[in-house]
Amino acid sequence: MAVPVSGESVGVSELKRTVLDGGYCVGCGACAALDGEPCRIALNDDGCYVAFPQACCQSSADPCCVCPLSDRSIGTAQLAHSLFAAYGARYHDRIGYYVSSYAGHVTNAKLRADRTSGGYCTWLLLQLFKQHRIDGVIHVRHREPTAKNKTLFHYVISTSEEQIASGSRSSYYPVEMSEVLQNIKTLHGRYAIVATPLFVRAVRLLCMTEPAIRERIRYCIGLMCGHLKSAHYADILAWQLGIEPDGLRRMQFREKSSCDAGKYRVVAEGIVAGKAVRRSAPIMNLYGTNWGLGLLKCIGDDYSDDVVGELADVSIGDAWMRPYRNDPKGTNIVVIRHPDIQDITEEGLCDGHLALDRISPEAVAESQRAGFLHRREGLIYRLSLKKMAGAWHPPSRVQVCSSRSSHTFVMHQRLRLSLSRESYVAFRRAVCDGSFFSFVRTMNPLVWRYAKTMSFKAMSRMLFQNYWSLFCFFLRKPFLRYRTK
Ligand SMILES: Cc1cc2nc3c(=O)[nH]c(=O)nc-3n(C[C@H](O)[C@H](O)[C@H](O)COP(=O)(O)OP(=O)(O)OC[C@H]3O[C@@H](n4cnc5c(N)ncnc54)[C@H](O)[C@@H]3O)c2cc1C
């Protein structure tokens, strides 16, 4: 137990000793949404939201109880059981409780084209609203950056169909919920919240301690999540398009192309030499976008064992499997746990608003294979490192056993940790040098070592994308300078 410094509650010092000092905070904002606000959330120098304890706060609330990574908060298994077992949901060891699981998309061609994947998430939110089951949606939208706050996305409350439909597509960008959650305590009404797995867990924990939040959040819509990115991820993408970090104004991480669903485009808007510009490129042509590399990711999220959002009433992801991934128009995978959402989905199927195939929970898990490998087997390795160092680590459902992993697997995981850590150093260096290529110079030796731990096929694919994106960067560079004039 930590000894509180003067003016600090025991809960705050415990949070500091464990989650905050260990660098695990994902800045979800649950602790700052508690009455009395024992913490505040702010962006750190690495472009990630983190909690900062408020000096001399009079709050008696214990932030550890709502922190998704604290060992003093209720475990995912217990929460999931209390939420879904009563609905007669079955249990699968990788996707958690489920009533049904599907792959498919909305049939409205415009809605599907405008959305991240198959459009099911926005369709469902609109249905919940139109059927008066909710009065608003808490989700993420673009924001105009200002001199004081340069962030590009934030959580908002949408209370009309137009606002709900204008939620951003998947934003691989830091967001935090404290402000919207504080707001709904004073606003009356019923809401659905869209969130990634750790954030859903934080909301569920908050519902246990804050009656006003419990009363208002009626549905949790989960987005499956490989990992969370720092704001600097958007910076490196835009930089490759000739927009320097200070000039970036708007980012669209996923614009559909005519190739397969994974080959989407990135669109950046910003100011170059005093002029507003809008530039885009296929994701494949941008350096550092291979998710396996884990560049500029939020480190704390690496210690979550939940890939699909097991505490959500419905989990929504991309159908990264054949034949669906070949369809550039985008296809969702959906895992339903709440009977209301099952009813709405069945109505959508009957009315022809949805085109969904029933798929098995194994097929869902298989579509997120890389995520499960990282958050299960990979997590065992990361936790064992913490154990060996005698350091505190977040609780987990994976069992840290004496490692049966091969030398290559261990090297692979070790290099993943180095890649994430080093990418922040490389970004800072690149900003000092005023050159994106400085980022590449720092990262490339590690990328090369990492690639060597992969199978020949995976290594060739990774190195090809790496060098292809660099080739594209140099090819693009003189053209970008010309366009800027
Ligand atoms: C950080 C992140 C990582 C992801 N990783 C994976 C993955 O590994 N595998 C996978 O299958 N799917 C992943 N997804 C989910 C996937 O990208 C799609 O969001 C999902 O398939 C829903 O598609 P849709 O067309 O139904 O959503 P849409 O109809 O486009 O609706 C998207 C909704 O999500 C909200 N939203 C956007 N960004 C965020 C955010 N950062 N946090 C909370 N809400 C947000 C928007 O406000 C909008 O309401 C990830 C999403 C995010 C945000």
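The values are calculated or read from the model by the stated rules, or taken from the named source; none is laboratory data. Since the model is a prediction, treat every value here as computed from it, not as a measurement. Backbone-built Cβ (ideal geometry, glycine too); neighbour counts: all protein chains shown. To get the accessible areas, we keep the full protein, side chains included, count just its heavy atoms, and leave off ligands, DNA and RNA. Shrake-Rupley method; radii C 1.70, N 1.55, O 1.52, S 1.80 Å.
Numbers for the structure displayed
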read-out	value
Computed [θ] at 222 nm, deg cm²/dmol, the chain (DSSP H ≥ 4; -39,500 (n - 2.57); rounded to nearest 500)	-11500 deg cm²/dmol
Signed unit charges on C-beta, dipole axis of the chain, positive-most listed residue 44, 192, 342	44
Per-residue HN-Hα couplings for segment 358-373 [Karplus 6.51, -1.76, 1.60; θ = phi - 60°; Hz; x = Gly/Pro]	5, 10, 7, x, 5, 5, 4, 4, 5, 5, 10, 4, 5, x, 5, 4
Carbon and sulfur %, accessible surface of the chain computed with the full protein complex present, 1.4 Å	54 percent
Förster radius 35 Å - calculated FRET efficiency between residue 10 and residue 329, Cβ distance, rounded to 0.05	0.10
Residues with amide H under 5 Å from that of residue 40, placed H, sequence gap 5 or more	52, 54
Cα shape, the chain, gyration tensor, a/c 1.5 rule	rounded
5 angstrom amide H check on residue 100, placed H, neighbours 5+ away	336
Peptide ranges 246-256, 312-322, 387-397, 166-176 listed from the most packed, as the mean C-beta count within 10 angstrom indicates	312-322, 166-176, 246-256, 387-397
Extension gain from residue 258 to residue 370, taking 0.36 nm per residue of separation minus the Cα-Cα distance	37.9 nm
Under-5 Å amide H pairs with residue 297, H placed in peptide plane, nonlocal only	230
Vicinal HN-Hα couplings computed from phi for segment 123-128 (Karplus, 6.51 cos²θ - 1.76 cosθ + 1.60; Hz; Gly/Pro x)	4, 5, 4, 5, 5, 4
Separation of alpha-carbon centers, segment 400-462 and segment 289-303, rounded to whole Å	11 Å
Given 110/457; 148/297; 148/275; 16/387; 185/256; 148/256, the pairs whose alpha carbons are separated by over 26 Å	110/457; 185/256; 148/256
Net length gained if the chain between residue 187 and residue 398 were fully extended (0.36 nm per residue, minus Cα distance)	72.0 nm
Förster-model FRET efficiency, 25 Å R0, residue 363 and residue 131, C-beta, rounded to 0.05	0.30
Dipole moment magnitude, nearest 20 debye, the chain about Cα centre, only Lys, Arg, Asp, Glu C-beta charged	1940 debye
Cα-centred dipole magnitude for segment 387-485, charges only on beta-carbon of K, R (+1) and D, E (-1), debye, nearest 20	220 debye
HN-Hα J in Hz across segment 433-443 - Karplus 6.51, -1.76, 1.60, θ = phi - 60°, x for Gly and Pro	6, x, 9, 5, 5, 4, 4, 5, 4, 6, 7
Cβ-derived FRET efficiency at R0 22 Å, residue 87 paired with residue 214, nearest 0.05	0.75
DSSP beta bridges in the chain [antiparallel fraction, %, rounded to 5]	80 percent
For the chain, accessible area per residue (1.4 Å probe, heavy atoms of protein chains only), Å²	43 Å²
Mean projected area (nm²) of the alpha-carbon convex hull when segment 10-65 is viewed from all directions	3.5 nm²
